[in-house]
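Reading through the structure tokens given below for one structure.
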Amino acid sequence: MSRKIVDKSSLLAKKNEERIEIDVGNEEYLVIYVKSLTFLDLQNLLESVVDLTSDSPKVDMSGFFDFAIRHWIVRTEPDLTTDDIKSLPAAVAQKIIASLPSLDELGEMLTSGFRN
């Protein structure tokens, strides 16, 4: 079997994004584009929202959601700012958060040697 050097574009997760439709009611939806997570995304998340100074790590949940919205949602249709997303009704915001990687999924990525 002949091996070849991998193509750069297949390695770069930042070029990958998932299109997700979020039902907002009245037969309408908004679209969010969520980037594929990189190794550094996970490291930055840990530094930003996890307090490792005590015996048991503590996660700042508000910080987690803020981080996820700011860093993982690449764009939206219609065009919404981060502040717009934070101002959405709770039912819509919960659907957006549910479409992003969960803490359990992130923990699995971190403990299993990160894989995408």
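The values are calculated or read from the model by the stated rules, or taken from the named source; none is laboratory data. This is a predicted model, so every value here is computed, not measured. Here the Cβ positions follow ideal geometry from the backbone for every residue, glycine too, while neighbour counts run over all protein chains shown. Heavy atoms of the whole protein, side chains included, go into the accessibility calculation; ligands, DNA and RNA do not. Shrake-Rupley method; radii C 1.70, N 1.55, O 1.52, S 1.80 Å.
The set of residues from segment 42-73 being in a strand (DSSP E or B) and of a type in the set (Gly, Ala, Ser) is empty. Within segment 61-77, being in contact with a strand residue (DSSP E or B) (Cβ under 7 Å, 6 or more places away or on another chain) and open to solvent by 40 Å² or more (accessible area, probe 1.4 Å) holds for Val74, Arg75, Glu77.
Looking at Lys58, Lys35, Lys95, Lys86, just one residue is basic (Lys, Arg) and open to solvent by less than 50 Å² (accessible area, probe 1.4 Å), and that residue is Lys35. Give segment 1-18 a look and list any residue that's modelled with pLDDT of 75 or more, surrounded by 10 or more Cβ atoms within 10 Å (Cβ to Cβ) and not in a loop (DSSP other than H, G, I, E, B), or say none. Within segment 1-18, Glu17, Glu18 qualify. You will find that of Leu106, Leu42, Leu52, Leu80, the residue that is open to solvent by 40 Å² or more (accessible area, probe 1.4 Å) and touching a residue at least 12 places away in the same chain (Cβ under 8 Å) is Leu80 and no other. Every test in (1) assigned to a helix (DSSP H, G or I); (2) in contact with a Ser or Thr (Cβ under 6 Å, 6 or more places away or on another chain) is passed by Ile32 save one, and that test is (1). Consider Glu28 carefully, then state whether it is surrounded by fewer than 14 Cβ atoms within 10 Å (Cβ to Cβ) and touching a strand residue (DSSP E or B) at 6+ places or on another chain (Cβ under 6 Å). So Glu28 fails the test.
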